[in-house]
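The structure under discussion appears below in the form of structure tokens.
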Amino acid sequence: MVIFRQLSLIPIALLGATSAIHAHAAADAGSDAEIEETITVIGTKTERTLNQVGATISVIDEEEMERQITRDIADLVRFEPGVSVSGTGSRFGLSGFNIRGIEGDRVLTIVDGVRISDEFSFGPFLNARRDFVDVDSLEMVEIARGPVSSLYGSDALGGVVSFTTKGPERYVSSDDPFYASIKGGYSSDDASMVGTATVAAGNDVVAGMLTFTHRDGEETESSGSSGGVAAARQEADPQDIEVDNVSAKLVFMPGEAHKFIVSYDRFETDIDTQVLSDYGAVIVSPFGPPVIVNTSDARDERERQKWALEYRYSSVGDNWLDRGVVRVYHQESDNAQLTEDLRTYFDGPRTRFRYSEFEQEIDGFYLQLGSDFKTGGVSHSLTYGVEYYTTDSVSLRDGGSFRLDGTPIPEGLPTRDFPMTEIDHLAYFVQDEIVLMDERLRLTPGLRYDDYDADTEADAIYLAGNPGTVLPEDYDDAELTFAFSAVYQFTDNVSGFARYAEGFRAPPYDDVNIGFTNPGRYKAISNPNLKSETSQGVEFGIRLNSRFGSHNLTVFRNEYEDFIDPRSLVGIDPADFLPVFQSVNRAEVEIEGVELGGYMPLAAFGDALQDFGVRYAIAYADGEDTDLDEPLESINPLTGVVGLQYDAPNRNWGGQLIFTLVEGKDDSDIPVGSSRSQTSGYGIIDLLAYFDFSETVTVNVGLFNLTDKEYTRWADTVAIQGDAPERFTQPGFNAGASIRVVF
């Protein structure tokens, strides 16, 4: 591992790396408390400033999302080194988050405390991803890096991304009982237009809010210059994309200590794709003769809806219970993907369609209580509670093939890739924030116990589509995870933190009980003996706050065991001589890295620079599969972002010039046998500007990739394989703008 060699980069980063990013410039450019004033909940499940939390957390608020012309979750982390979202060049759109090299369902994503449904993919016709959130409905986004299972349970192995949707309390009160706004926007890289309408009404007792967003766009452009078909196509495949999102909240506050919230979210997206990159493709397989794809067209639909009822209590007196949250919820999500092909087989042409669907329902109950008390001169803030939820997951694969005269070809469909599965999750958690030494030292131990019980149902569809396979098995698992952090204030300007955290991820149902047989070609079989993935991580950080700004340095190391390798080739079945694929526990992974970031008001260097500031961040990580002695390919390259910021004296306009610098990846960074190829390092320049023409009219403008640089993000190389790399490049020079009018 080479982390300590990379520490030599810190002086360079202090002069110039960065994230354009968190916490707005204080109205007083000389403010020493800019980072301290940012409040986060995700780190301890209680409201704390960033400097009170022994962890690395990013907070992105609504204004920052507007300023950066944020359209989706990929734009959301555009200037977040160490965090990425892939999906460029893919028909299936954006993936989930990658945090410090851990991705997929190993990163927990929640909306108002409710986890978003799982990812699931199987074969080329089903790839259910987690892009279920429209950013215009959001008030705040928090990103916690590293294992957080002691607070959030399974799937928080690599970190947590928490979305908080807008509520009416911020917009209306008894003195100002009505709010309405309209936003319009355009982005040239995908020819998309967005319209958002928000209405809120109420008073200090009852208030409601409704937000509706419609987006209409096309494929995101690549930097490729040639069209055409098949693997040589460099331009993006043509797409028509529509997104609709509704977010509604009703808040009832009968007293100062009590708040009831009823919320509803509905997200829908429809994507039509002419998959020209598959037109004319020749599929060569060791399991049969070559097949020519003459045409291929797709329609993909994604939908998520959630209902929740929440009660919040906040004590106004001297009680044993100081705060509490009770939440009940129901969420449904559905990914439906239809592909229609014309193919030529050894015996002639056929029309062929595939319909794949993945559905998941989550019903849950959450109770969190908090009590503050003192023992001697030591203050305690105890957070404890219970969480129970069930997930029902169903997949369906259907379709058919027909000769041109209408004769059907037997294919063993419909079937299910895994049996219908219901998992009961029960967890208990407790955490104590201990403050002592005149509030200079804050210790936070935490413990969580999770119990999982999976019940499977092999119905007629599953059995008919998987003849001769072993019947699926129910399974259960349990895990106890621990975390401990310490934050110490050395001086008024310098503090440090240390953190130890454990993480785990229960074996996914589709790995334990996968079932699929492609007659005469291959099959996938279950593995009920899979173990939970586990991790242990340590993190150390130092924070400096003075008239020269706020700066923080973090060094981390995480070790992961029993990583699950999904659908690995494990041998040949002697009974039918078919290749057998099975999920197995395999890898032991080590990831270590360093992150540096901050904000420097340039007023400290002279009055002429009173309205200027510099934001910076840099993230480096190195990962290794210690079983195979090979690099971990999910690690993003060394990335730095530097933003030069200006805000006019009256704060009615301003902007940022942002430089993003990314190191390349060579063969030494890529494991043997990987489908990925080398990438070159690159630097891009973006310009953001805002104009507050009045208290009711705001315009935001973004000019991206000013030098028209052709580049490929490492996160997107996983999809290239044998296709033209240019199709997976990012757009050249492009622009975006939005206007919001408040009534």
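In the P(r) worked out for region 4-742, what percent of Cα pairs fall beyond 49 Å? The proportion of pairs with Cα distances above 49 Å equals 14 percent. Sequence-distant contacts, meaning Cα pairs under 8 Å at least 6 residues apart, place the relative contact order of the chain at 13 percent. Largest first and in whole Å, the equivalent-ellipsoid semi-axes of region 284-348 read 58, 13, 7, each the square root of five times a Cα gyration tensor eigenvalue. Viscosity 0.890 mPa s, temperature 25 °C: Stokes-Einstein D of region 457-601 from its Kirkwood Cα radius, in µm² per second? It comes out at roughly 129 µm²/s. Region 161-211 and region 98-112 have Cα centres separated by 27 Å. Zone of His330 (label point 7 Å along Cα→Cβ, backbone N under 20 Å): which residues in region 295-310? Residues 303-310 qualify, since their backbone N sits under 20 Å from the label point. Calculated translational diffusion coefficient of region 287-430 (4 °C, 1.567 mPa s; Stokes-Einstein with Kirkwood radius over alpha-carbon pairs) equals 65 µm²/s. Placing a label point 7 Å from the Cα of Ala231 along the Cα-to-Cβ line, the residues of region 260-288 whose backbone N sits under 19 Å from it are 275-288. Shape class for region 126-194: oblate, because the ratio a/c of the largest to smallest gyration tensor axis (alpha-carbon atoms, square roots of eigenvalues) is 1.5 or more and b/c is at least a/b. In this rough spin-label picture, where each label sits 7 Å from Cα along the Cβ direction, the Asp175-Val570 distance is 6.7 nm.
Using just its DSSP H runs of length 4 or more, each adding -39500 (n - 2.57), the chain gives a mean residue ellipticity at 222 nm of -1000 deg cm²/dmol after division by all residues.
Placing R0 at 35 angstrom, the Cβ-Cβ distance between Ile283 and Ser668 gives a FRET efficiency of 0.60 after rounding to 0.05. Projecting the Cα atoms of Ile362, Leu321, Ile73 onto the charge dipole of the chain, computed from C-beta unit charges around the Cα centre, puts Ile73 farthest toward the positive end. All Cα-Cα distances of region 148-262, cut into 10 Å bins from zero to the largest, leave 12, 24, 21, 25, 11, 5, 1 percent in each bin in turn.
The packing ranking of peptides 599-605, 508-514, 410-416, 343-349, highest mean first, is 508-514, 599-605, 410-416, 343-349, where packing means the average number of other beta carbon atoms within 10 angstrom of each residue. In summary, the lysines within cross-link reach of Lys531, defined as a Cα separation below 26 angstrom excluding same-chain residues under 8 places away, comprise Lys523.
For region 349-464, the alpha carbon convex hull comes to 128 Å³ per residue, rounded to a whole number. The simple spin-label model puts a point 7 Å past each Cα toward its Cβ; for Glu242 and Leu413 those points are separated by 2.5 nm. Our estimate of slack between Leu342 and Glu710, defined as 0.36 nm per intervening residue step minus the Cα-Cα distance, is 129.1 nm. If R0 is 35 Å, the Cβ-Cβ spacing of Tyr428 and Arg586 corresponds to a FRET efficiency of close to 0.65. Once the Cβ-Cβ distance of Ser379 and Trp307 is raised to the sixth power relative to R0 = 41 Å, the FRET efficiency obtained is 0.60. Among the listed pairs Lys45/Lys259; Lys183/Lys259; Lys166/Lys259; Lys249/Lys306, a Cα-Cα separation exceeding 20 Å is found for Lys183/Lys259.
None of the figures in this text is laboratory data; all of them are computed from the coordinates on show. From a predicted model like this one, the values you see are computed outputs, not experimental measurements. Neighbour counts are summed over all protein chains in view; Cβ atoms, including those assigned to glycine, are modelled from backbone coordinates with ideal geometry.
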